[in-house]
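**Q** The following block contains the structure, expressed as structure tokens.
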Amino acid sequence: MRQMAAWSLALIGMVASASDKPDERGRAVYERCLACHAIEQHRTGPAHCGLFGRKAGSAPGFADYSDAMKRSGWEWTPATLNTFLKAPMQALPGTSMGYAGVKDDGERAALIAWLQKAAKPGAACQVPR
Ligand code: HEC
């Protein structure tokens, strides 16, 4: 009986740590972006490495930005990213990012927090040329 209790406690611990970890949650939300994006390389959308602090529409070597993105005058910060990702096509009419957005505030916050780490240039994230 005692063994059973210990086993179920361990199981509860595992389940809790998988869903409570903010990094894990943010990474899981980013999987929706992988259809078009990667951290390190350009795909349908631009690479995200080095995103924060960069002017919108300025990832080196990405040639397919819309005029709307290039002229937005935005700089990527957690705040601008939050506005854009909530409803991309409403926030920036004319964007070529055909994606409805991440509507859930908690999911968006987790995604942005994770991206701030994952997109930071460093050993695992090389800014594409
Ligand atoms: C259907 C494909 C598609 C999906 C899905 C998608 N994107 Fe995009 N994304 C694009 C395209 C294309 C652009 C370029 C948009 C433009 O120039 O107007 C873009 C641009 C961006 C930019 C601007 C980057 C820069 O260099 O200025 C950010 C940030 C971004 N996407 C984040 C995301 C995130 C985060 C997700 C997932 C929640 C996501 N995107 C999902 C296609 C996509």
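**Q** Is there a residue being part of a helix (DSSP H, G or I), of a type outside the set (Asp, Glu), in contact with a Leu (Cβ under 7 Å, 6 or more places away or on another chain) and at pLDDT 95 or above anywhere in region 61-82? It would help to see each step written out before you state the result.
**A** Residues of region 61-82 that are part of a helix (DSSP H, G or I), as a first pass: 67-70, 78-82.
Filter once more, keeping what is of a type outside the set (Asp, Glu): 68-70, 78-82.
Keeping just the survivors that are in contact with a Leu (Cβ under 7 Å, 6 or more places away or on another chain) gives 68-69.
With the extra rule that they be at pLDDT 95 or above, the set shrinks to 68-69.
Checking region 61-82: at least one residue is part of a helix (DSSP H, G or I), of a type outside the set (Asp, Glu), in contact with a Leu (Cβ under 7 Å, 6 or more places away or on another chain) and at pLDDT 95 or above.
**Q** Here's a follow-up. Within region 83-129, which residues are in a loop (DSSP other than H, G, I, E, B), among the small types (Gly, Ala, Ser), surrounded by fewer than 13 Cβ atoms within 10 Å (Cβ to Cβ) and away from the ligand (no atom under 11 Å from the Cβ)? Please lay out each step first, then the result.
**A** Restricting attention to region 83-129, the residues satisfying the condition of being in a loop (DSSP other than H, G, I, E, B) are 87, 92-104, 119-121, 123-124, 126-129.
Checking the rest, the ones that are also among the small types (Gly, Ala, Ser) come to 87, 94, 96, 98, 100-101, 119, 123-124.
Right, trim to surrounded by fewer than 13 Cβ atoms within 10 Å (Cβ to Cβ) and you get 94, 98, 100, 123-124.
Across region 83-129, the qualifying residues are Ala123, Ala124.
**Q** I'd like to verify a number: residues in region 96-115 that are aliphatic (A, V, I, L, M) and either modelled with pLDDT under 95 or touching a helix residue (DSSP H, G or I) at 6+ places or on another chain (Cβ under 6 Å) (or both), how many? Talk me through it step by step, then tell me what you get.
**A** Going residue by residue through region 96-115, those that are aliphatic (A, V, I, L, M) are 97, 100, 102, 109-113, 115.
Then keep just the ones that are either modelled with pLDDT under 95 or touching a helix residue (DSSP H, G or I) at 6+ places or on another chain (Cβ under 6 Å) (or both); that gives 97, 102, 110-113.
So the count comes out to 6.
**Q** If Ala87 satisfies every condition in (1) touching a residue at least 12 places away in the same chain (Cβ under 8 Å); (2) within 21 Å of Pro22 (Cβ to Cβ) but one, which is the exception?
**A** Exception for Ala87: condition (2).
The values are calculated or read from the model by the stated rules, or taken from the named source; none is laboratory data. Note that this is a predicted model, so its numbers are computed, not measured. A quick note on method: Cβ atoms are made from the backbone with ideal geometry, for glycine too, and the neighbour counts reach across all protein chains shown.
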